[in-house]
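A.B. asks: I'd like to ask you about the structure that follows.
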Amino acid sequence: MKPLNFLLVGVGGQGTILASDILAHVGAAAGLQVKQAELHGMSQRGGSVSSHVRWGERVFSPIVGAGEVDVLVAFEELEALRYLEMLHRDALIIVNQERIIPTSVTTGAYTYPTEPTMLAMFSSVTTHIIRVDGPGIAGRLGLAKAANSVVLGALARALAVHKLVEPPVSDEIWLTTMAERTPAKFRDLNRAAFCGGQDAMTLVGMA
Amino acid sequence: MKQLLSGNAALARGAWEAGAVVAAGYPGTPSTEILEHFARYPGVYAEWSPNEKVALDVAIGAAYAGKRAIATMKHVGLNVAADAFMYVAMTGIEGGLVIISADDPAMHSSQNEQDNRMYAKFARIPCLEPASSQAAKDQMLDAFAISEQFDTPVLLRVTTRICHSTSEVILGDPPPRTGLGDEAPQTPRFPRNPGKYVMVPGNAVKRHPIIEERLRRLAAFAETYPGNVIVPGSSGLGIITAGISYQYAREVFPDAAILHLGMSWPLPADLIRNFAESVNRLIVMEELDPFIEEGVRLLGVTVASDHPEAPRKWVEGKNIFPIIGEFSPRIIREHAITAGLLPTSAHVATPDLMSSTLPPRPPVLCAGCPHRSSFYLLHKLKVPVNGDIGCYSLGFAPPLSAMHTLGCMGAGISVAHGASKAGSPERHVAVIGDSTFFHSGIPALLNVVYHHSPVVTIILDNRVTAMTGHQGTPATGDTLQPGQTHTDPSTGQPTLIAIEPIVRALGIQHVQTLDAFAVDEIEATLRDFLQLDGPSVLIALQPCALETSGRARWRPLEVVADQCNGCTLCFRLGCPAILKSDELDAHTQRPRASIDPAQCTGCEVCSQICPRNAISFRDDALSLATAESTEVRR
Ligand SMILES: Cc1ncc(C[n+]2csc(CCOP(=O)(O)OP(=O)(O)O)c2C)c(N)n1
């Protein structure tokens, strides 16, 4: 298997790093060699955060070059756009429906891209676009913070549908890994959110 | 057992498996988590020292006392610790000593990208460069063995992509605990060996030949060090590489022969010469400085050309790959294509987008950050501000735009003093964080007092080292391992080092500790201080907004719509919770402000500066909230 390259992006405080930690451990639990790379530091203060995860039989570099990302998982819409240059033409985009307004927009220097602009930019790169209402689904379950689990649920289903990993990674591996790496008191909630994400993905379908 | 570990966690594990019992460091990205992980192992002592020089001296003391010890720091931290680094290279040690320098190519979170392998050469000590988490752990054990075998400190140099990358590690077992406390075997008597440990000139002169000889022996050791590995290839291309670049070399050049140097100083001359004889083009692939490349050139190594008559070729390196920033497989590939090492078909296309037009999202002071008010006022007062390093460095950025110099930790106060002594016609304000004050601000402030200049110093006391992830400071009682400070038996309280008494003891007469959210008081005090002929200090005190203990007090404020006329003053605070609403003021046609309740903490700085009282205060917000909930109940 040629390495499968994930890029997870979001805004500081959204839990992007935790999600990529889970993704790395899921790959390892599935018996793959895994490397993950992230950037800490200044990005914690509300800045843009990114993390690379690679699964494969043999993986050398922990970071993925521009044009080589197979799966972009974006927890925020503007951040999804920012990293599109990292994708190749057949890549899969999974984007959480959340907008966090940066101060560059508040001060009036920039405008936040409109929905049509965003969709046009996505589809100029790839036809495989999945939008997930993470905050909505998690909110209905009672904890907006579980949005990332919703997104991971959508990711798990998308990997299976697109046959990006053979043999496919079982739900069991996903759920056990999530349970191991998140606080016990949120276990049921995260599980429900994950399942919600899996279903929502089929509802939204693929553009 | 296998486990996914970050490079930093692996370094900590390696130190523990090696039986290290003392660790000291000062936080700094990307090194911070090494000590945080190490501190959790049983039977060890680990501390956040006030700065890197103190940390290294602490580790040296433990190593002199016969125990294995580590000191951790980011690359610029080694500048602070350089004096200690140089003397311990001269004295050697009793127990193994490993100094970990975490370098930051690309300056993801640093003020420069210095290549600290230079320090190993400078001090004539060995430098190990792990290329993965597994190597980070294993080479930590190697480093201790080398340290004790050769009576030398060892520099273990890692970079951001090693520290903050995760990969699988096969764990080993720690030795039976030779730790501290009751179960520790008898600690050997502290050495009485002045010829080795008292570096007065007469003794130091005798040590110098010993360390030159040590370096020669280390170079011979490097020839057979198992961390220096040749990966055979078939293409005639030979690559010498170290650290993370090794991974990129394997990925981009699967057919090349690779000499992977796990130990990048001193260099194994014969190993390199023999490797060069086996290839017809020799390239060094290393981030930042041409450190190995220059070493290979100095060895006079050349490779045979394809034609027997053609002259032999020198090693290549920085003529192909950048000296600036970090590498990635893509950067390696693109430069290799340009140099004819790879065909143009190896180019990977990227989507062509106008992403440069997207709104940037630079880091900002958080909503509710206690540093904001000071910078807002400094901007208003139009004074030159000499800054320092921490979250508060963000005060330089628009719209606050209130920091005019920033170089290294502890610089601001003395730069302000120097500018004042140079006859700068304006009063200078130095701003410094609480952790930075303990790190290197105290001697600077002492100097301002003793040599008397009218510098106004603002100590931004947010009760924590926020930038690097909320480590305690000596003022907080919060230590790396629980309960490390002395507890006063009469009060049962930990001994805290309060900032204001230190400032007074230094001889500053004009000292005020104020609530960092009390905008008017701070402004009045600053205006007073700026009139004085001598030094003054304002301590702006409020815990960091991210402190979880403070969250219970968060209470979002609201904009009273009819009162806001879109004057934009509150936008000048650069608070991420203050948004431009879609509503225009009928008269001014400017967008009114709105407050994001998810982000606002209720610090009230905006409420205080609003000229039209259009932003509620906490109590108003409370009454609004109660009114609403009463409404709902009805
Ligand atoms: C010599 C050196 N050591 C460590 C660092 C990393 N570092 C940057 S800011 C900072 C601490 C800042 O803490 P504080 O002064 O309390 O300011 P805050 O971030 O809390 O606002 C550290 C440790 C550095 N830049 N230079």
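The values are calculated or read from the model by the stated rules, or taken from the named source; none is laboratory data. None of the values given here were measured: they were computed from a predicted structure. Because the Cβ atoms are built from the backbone with ideal geometry, glycine has one as well, and the counts that use them run over all protein chains shown. The protein model used for the area step is the full one, side chains on, heavy atoms only, and it has no ligands, DNA or RNA in it. Shrake-Rupley method; radii C 1.70, N 1.55, O 1.52, S 1.80 Å.
A.B. asks: With a 1.4 Å probe and all protein chains in place, put B:314, B:48 in order of accessible area, largest first.
C.D. replies: Descending accessible area places them as B:314, B:48.
A.B. asks: What list of ³J(HN,Hα) couplings, whole Hz, do you get for the range B:602-607 from phi and the Karplus terms 6.51, -1.76, 1.60, once you set θ to phi - 60° and write x for glycine and proline?
C.D. replies: The phi angles translate into x, 6, 6, 5, 5, 4 Hz.
A.B. asks: Related question: To one decimal place, what Kirkwood hydrodynamic radius in Å is obtained for chain A from all pairs of distinct Cα atoms?
C.D. replies: Working: mean 1/r = 0.0589 Å⁻¹.
For chain A, inverting the mean 1/r across all distinct Cα pairs yields 17.0 Å.
A.B. asks: Further question on the same structure: Could you tell me which trypsin sites (Lys or Arg not before Pro) in the range A:121-201 are loop residues by DSSP with no more than 10 other beta carbons within 10 angstrom of their beta carbon? Can you show the working numbers first?
C.D. replies: Details: sites: A:131, A:140, A:145, A:157, A:163, A:181, A:185, A:187, A:191; in loops: A:163.
Passing both the DSSP loop test and the Cβ count: A:163.
A.B. asks: Let me ask something else about it. For chain B, what's the relative contact order in percent, using C-alpha pairs closer than 8 Å and at least 6 residues apart?
C.D. replies: Values: 1327 pairs, mean separation 61.8, N = 634.
Averaging sequence separation for qualifying contacts and normalising by length gives 10 percent for chain B.
A.B. asks: Using alpha-carbon positions, what is the distance between the centroids of the range B:317-345 and the range B:488-509, in Å?
C.D. replies: A separation of 56 Å, based on Cα centres.
A.B. asks: Also, I was wondering about something else. How far is helix B:7-17 tilted off the main Cα axis of chain B, in degrees rounded to 10, range 0 to 90?
C.D. replies: Between helix and principal axis, roughly 60 degrees.
A.B. asks: Just by accessible area at a 1.4 angstrom probe, what is the order of B:49, B:132 from largest to smallest? Spell out each step's value before the answer.
C.D. replies: Working: B:49 5, B:132 30 Å².
Of B:49, B:132, the descending order of accessible area is B:132, B:49.
A.B. asks: Another question about this same structure. Summing -39500 (n - 2.57) over the DSSP H runs of n ≥ 4 in chain B and dividing by its residue number, what mean residue ellipticity at 222 nm do you reach, to the nearest 500 deg cm²/dmol? Mind dumping the intermediate values first?
C.D. replies: Numbers: 21 runs with 208 residues, N = 634.
Here the helix-only value at 222 nm equals -9500 deg cm²/dmol.
A.B. asks: Quick check: the distance between the Cα centres of the range A:3-34 and the range B:115-144, to the nearest angstrom?
C.D. replies: Measuring centre to centre over Cα atoms gives 28 Å.
A.B. asks: Could you estimate the translational diffusion coefficient of the range B:547-628 from the Stokes-Einstein equation, with Rh from the Kirkwood formula over C-alpha pairs, at 25 °C and 0.890 mPa s, in whole µm²/s? Numbers along the way, then the final one.
C.D. replies: Values: Rh = 13.0 Å.
Value of D from the Cα-based Kirkwood radius: 189 µm²/s.
A.B. asks: Once you average over the residues of A:102-114, how many Cβ atoms of partner chains fall within 10 Å of each Cβ?
C.D. replies: Details: counts 7, 16, 7, 5, 15, 9, 5, 4, 5, 2, 2, 3, 0.
Mean partner-chain Cβ count within 10 Å for A:102-114: 6.
A.B. asks: Counting only other chains, and only Cβ atoms inside 10 Å, what mean value do you get across the residues of B:140-148?
C.D. replies: Working: counts 0, 0, 0, 0, 0, 0, 0, 0, 0.
Averaged over the peptide's residues, the number is 0.
A.B. asks: Right, something else. Can you pull out the buried accessible area for chains B and A, both sides counted, probe 1.4 Å, rounded to the nearest 100 Å²?
C.D. replies: On the way: alone 28130 and 9920 Å², together 33600 Å².
For B against A, buried area totals roughly 4500 Å².
A.B. asks: Provide the per residue accessible area, probe 1.4 Å, for the range B:372-541, rounded to a whole number of square angstrom. Mind dumping the intermediate values first?
C.D. replies: Numbers: 6890 Å² over 170 residues.
Accessible area per residue: 41 Å².
A.B. asks: Here's a follow-up. What number comes out for the charge environment of residue B:434, summing +1 per Lys or Arg and -1 per Asp or Glu over other residues with Cβ under 14 Å away? Let's see the in-between values first.
C.D. replies: Values: positive: B:463; negative: B:388, B:461, B:478, B:500, B:547.
Combined, the nearby Lys, Arg, Asp and Glu give -4.
A.B. asks: Binning at 10 Å from 0, report for the range B:372-541 what percent of all alpha-carbon pair distances ends up in each bin.
C.D. replies: Taking every Cα pair in the range B:372-541, the percentages come to 10, 40, 35, 12, 3, 0.
A.B. asks: Ratio of alpha-carbon Rg to the 2.2 N^0.38 Å globular estimate for the range B:2-222, to two decimals, please. Can you show the working numbers first?
C.D. replies: On the way: Rg = 16.3 Å, N = 221, 2.2 N^0.38 = 17.1 Å.
For the range B:2-222, the normalised Cα radius of gyration comes out at 0.95.
A.B. asks: Output the residues of the range B:219-263 meeting this criterion: accessible area (heavy atoms, 1.4 Å probe) in the chain alone minus accessible area with all protein chains in place is 20 Å² or greater.
C.D. replies: Residues meeting the cut-off: B:247, B:248, B:250, B:251.
A.B. asks: Given the options A:92, A:175, A:155, state which has the largest fluctuation in a GNM of chain A using a 10 Å cut-off (strictly under) for Cα springs.
C.D. replies: Evaluated over chain A, the most mobile residue of the options is A:175.
A.B. asks: Highest mean first, what order results for B:191-202, B:540-551 on Cβ atoms within 10 Å? Walk me through the intermediate numbers first.
C.D. replies: Details: B:191-202: 11.8, B:540-551: 16.7.
Per-residue mean Cβ counts within 10 Å order the peptides as B:540-551, B:191-202.
A.B. asks: Please report the orientation-averaged projected area of the range A:68-132, defined via the convex hull of its C-alpha atoms, in nm².
C.D. replies: Working: hull surface 16.5 nm².
Computing the convex hull of the Cα atoms and averaging its projections yields 4.1 nm².
A.B. asks: GNM, chain A, Cα, under 10 Å: largest mean-square fluctuation among A:164, A:78, A:87?
C.D. replies: A:164
A.B. asks: Please identify every one of the trypsin sites (Lys or Arg not before Pro) in the range B:284-354 that sits in a loop by DSSP and has no more than 12 other beta carbons within 10 Å of its own beta carbon. Walk me through the numbers on the way to the answer.
C.D. replies: Numbers: sites: B:297, B:312, B:313, B:318, B:330, B:333; in loops: B:312, B:318.
Loop-located and lightly packed - B:312.
A.B. asks: Could you give the dipole magnitude of chain B about its Cα centre, charging the beta-carbon of Lys and Arg +1 and that of Asp and Glu -1, in debye to the nearest 20?
C.D. replies: Values: 51 positive and 64 negative charges, 142 e Å.
The calculated dipole for chain B is roughly 680 debye.
A.B. asks: Follow-up question, since we're still on this one. Helix B:519-529 sits at what angle to the longest principal axis of chain B, using alpha carbons and giving 0 to 90 degrees rounded to 10?
C.D. replies: The helix B:519-529 is inclined about 70 degrees to chain B.
A.B. asks: Just the number, please: carbon plus sulfur as a percent of the accessible area of the range A:1-150, 1.4 Å probe, no ligands or DNA/RNA counted. If you can, show how the numbers build up before the last one.
C.D. replies: Working: 2720 of 4780 Å².
Roughly 57 percent of what the probe reaches on the range A:1-150 is carbon or sulfur.
A.B. asks: Right, another one. How tilted is helix B:201-224 with respect to the longest principal axis of chain B? Cα atoms for both, answer in degrees (0 to 90, nearest 10).
C.D. replies: 70 degrees
A.B. asks: Please compute the length gained on full extension between residue B:193 and residue B:149, using 0.36 nm multiplied by the number of residues separating them and subtracting their Cα-Cα distance.
C.D. replies: Between residue B:193 and residue B:149, full extension yields an extra 14.0 nm.
A.B. asks: Over all alpha-carbon pairs of chain B, lay out the pair-distance distribution in 20 Å bins, whole %, shortest bin first.
C.D. replies: For chain B, the binned pair fractions read 17, 42, 32, 9, 0 percent.
A.B. asks: Right, next: Could you tell me the center-to-center distance, by alpha carbons, between the range B:48-67 and the range B:240-303 in angstrom?
C.D. replies: So the two Cα centres are separated by 34 Å.
A.B. asks: Probe radius 1.4 Å, ligands and nucleic acids ignored: give me the carbon and sulfur share of the accessible area of chain B as a rounded percent.
C.D. replies: Working: 14640 of 25850 Å².
For chain B, the apolar C and S fraction of the accessible surface comes to 57 percent.
A.B. asks: How big is the shadow of the Cα convex hull of the range B:206-261, averaged over all directions, in nm²?
C.D. replies: 4.7 nm²
A.B. asks: Checking a compactness column here: for the protein assembly as shown, what do you get for Rg(Cα) / (2.2 N^0.38 Å), N being the number of residues?
C.D. replies: On the way: Rg = 28.6 Å, N = 841, 2.2 N^0.38 = 28.4 Å.
Rg over 2.2 N^0.38 Å, computed on Cα atoms: 1.01.
A.B. asks: Report, in debye and to the nearest 20, how large the dipole of the protein assembly as shown comes out about its Cα centre when Lys and Arg carry +1 and Asp and Glu carry -1 on their Cβ. Before the final figure, lay out each step's value.
C.D. replies: Numbers: 68 positive and 83 negative charges, 126 e Å.
That gives the protein assembly as shown a dipole magnitude of about 600 debye.
A.B. asks: Based on the mean of other Cβ atoms within 10 Å per residue, sort peptides B:573-585, B:477-489, B:278-290, B:239-251 so the most packed one is first.
C.D. replies: Working: B:573-585: 18.9, B:477-489: 13.3, B:278-290: 21.8, B:239-251: 27.3.
Highest to lowest by the protection proxy: B:239-251, B:278-290, B:573-585, B:477-489.
A.B. asks: Turning to a different aspect of this structure: Averaged over its residues, how many other protein chain Cβ atoms are within 10 Å of peptide B:157-169's Cβ atoms?
C.D. replies: Per residue, the average neighbour count from other chains is 5.
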